[in-house]
Amino acid sequence: MRTILTCMPSNSPSEIFNVSANSATVTDKIPSATPADTGTVLSVLGAVSASHFLNDLIQSLLPSIYPILKSNYALDFGQIGLLTFTYQITASLLQPLVGAYTDRRPLPFSLPVGMGFTLCGLLLLSQAASFPFLLLAAALVGTGSSIFHPESSRIARLASGGRHGFAQSFFQVGGNAGSALGPLLAAFVILPHGQGALAWVSLLALAGIVLLTRVGLWYAQRAKPKAAKVVAAASTLPKRQVVIAISVLLALIFSKYFYLISLSNYYTFYLIEKFHVSTQSAQIHLFYFLGAVALGTLVGGPIGDRVGRKWVIWVSILGVLPFSLLLPHVDLFWTSILSVVIGLILSSAFSAILVYATELVPGNVGMIAGMFFGFAFGMGGIAAAVLGEIADHKGIEYVYQICAYLPAIGLLTAFLPNLHRRHA
């Protein structure tokens, strides 16, 4: 028999894991909207997703213009990897700190401030005089991302109406759609007009600041700390099992993002070198892959709400393996097909992993979102740097031959406990 407990959420790591060991589901610190507020909640969820679209559209321009930067500044693959490493690590280190802090002291207007950092990075990127300035621009963009993601994830959960998987997927698909359109914006706007055309994209960042300010006003009215309602599970999880489960989820994030970076960062170079396509054609192929990532993200959350997060995690990581093993050995047509299939399957993982983690460690949405977004960004940065060095020494095709085995790490999903109930 389930009992309803009311408690204040803990902030120390040991207390957090102790709470999670006795809990399966949780509402956020901020009270959920009433049924009468459903329209407002949906509009806020849409606004946060649209902001994520603008944020990631702008940020995706950095890897999308790597061929331009490589030519303009005579960069090697190692320096390309260092650019991504700087961006990803900046976001990685700051996100858990931002999330943990805002769990205790919500900062509704931090969202437009984060977009302001992204705006500054974009303007600097358009006028950078040397490689160090490119690194500084990448760091500013990473800082903007570190502020944006933990708080916007919290708002998405608050606006979910209890459908946490759907809300997280809806939020994520905005970002993935923006990332998918980045290569097209680079191909048809930045490439013809040069690096300086990035300054015009700053208008999108200004639009994002306005939108996020309105979201902040809505959030500020609901940001007063209150007691969280925790629903105890019928069977408890020992603290050790919770720690193991979090470790497995982080290993799966490692697998997903190492492989994802091999495609999002180096796919254009792979197509240009192996199949001798033009830069514009390679960016269009990258758009196909990133579009598939956006679609897969939208599907993963609702399926997790219905059949359970663990099943989605199983399929989305391990299910990529046969396709990743085939990818380095096929022609251009099948490379495009396989990249789309891989994008569809692999992208459904993150929403399921993030919601599963918040169910393991309830009452700390900001900390968990910051930890997992931060770890994902960190793995992306390390992957970019490592794979860039490998490409310099062994060739770009070798990168895809060794990365093909990464989805096998999905076998670790077997160690995750079954938390989620089936939904009718």
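The values are calculated or read from the model by the stated rules, or taken from the named source; none is laboratory data. This one's a predicted model, so the numbers in the text were calculated from it and none came from an experiment. Methodologically, a virtual Cβ is constructed for each residue, glycine included, from the backbone with ideal geometry; neighbour enumeration extends over all protein chains shown.
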Six or more apart or on different chains, Cβ under 9 Å: which pairs go from a residue in the range 235-263 that's crowded, with 24+ Cβ neighbours inside 10 Å to one that's polar (S, T, N, Q) and part of a loop (DSSP other than H, G, I, E, B)? Could you list them?
256/347; 260/347
Here are 316, 351, 324, 339: which of them is of a type in the set (Ser, Thr, Tyr), in a helix (DSSP H, G or I), within 19 Å of the chain's Cα centre (by Cα) and over 27 Å from residue 96 (Cα atoms)?
339
Mind listing whichever residues of the range 389-408 are closer than 9 Å to residue 324 by Cβ and exposed (fewer than 15 other Cβ atoms within 10 Å of the Cβ)?
405
Looking at (1) of a type outside the set (D, E, K, R); (2) buried (at least 24 other Cβ atoms within 10 Å of the Cβ); (3) farther than 19 Å from residue 175 by Cα, can you tell me which one residue 275 breaks?
(2)
Flagged in the range 159-208 as under 15 Å from the mean Cα position of the chain (by Cα) and free of Cβ contacts under 8 Å to residues at least 40 places away in the same chain, in numbering order, are none
Name the residue, out of 262, 281, 255, 247, that is under 15 Å from the mean Cα position of the chain (by Cα), part of a helix (DSSP H, G or I) and not aliphatic (A, V, I, L, M).
255
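So which of 203, 184 ends up being within 26 Å of residue 131 (Cα to Cα), in a helix (DSSP H, G or I) and modelled with pLDDT of 85 or more?
Answer to the selection: 203.
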Taking interchain pairs and intrachain pairs at least six residues apart, which have beta carbon atoms under 7 angstrom, with the first residue in the range 265-281 and over 13 Å from residue 397 (Cα atoms) and the second at pLDDT below 95 and outside any helix (DSSP H, G or I)?
none
Among residues of the range 372-382 being modelled with pLDDT of 80 or more and buried (at least 24 other Cβ atoms within 10 Å of the Cβ), the residue farthest from residue 91 (Cα to Cα) is 372
Residue set 335, 297, 358; condition farther than 18 Å from residue 170 by Cβ and of a type outside the set (Lys, Arg); output residue 335
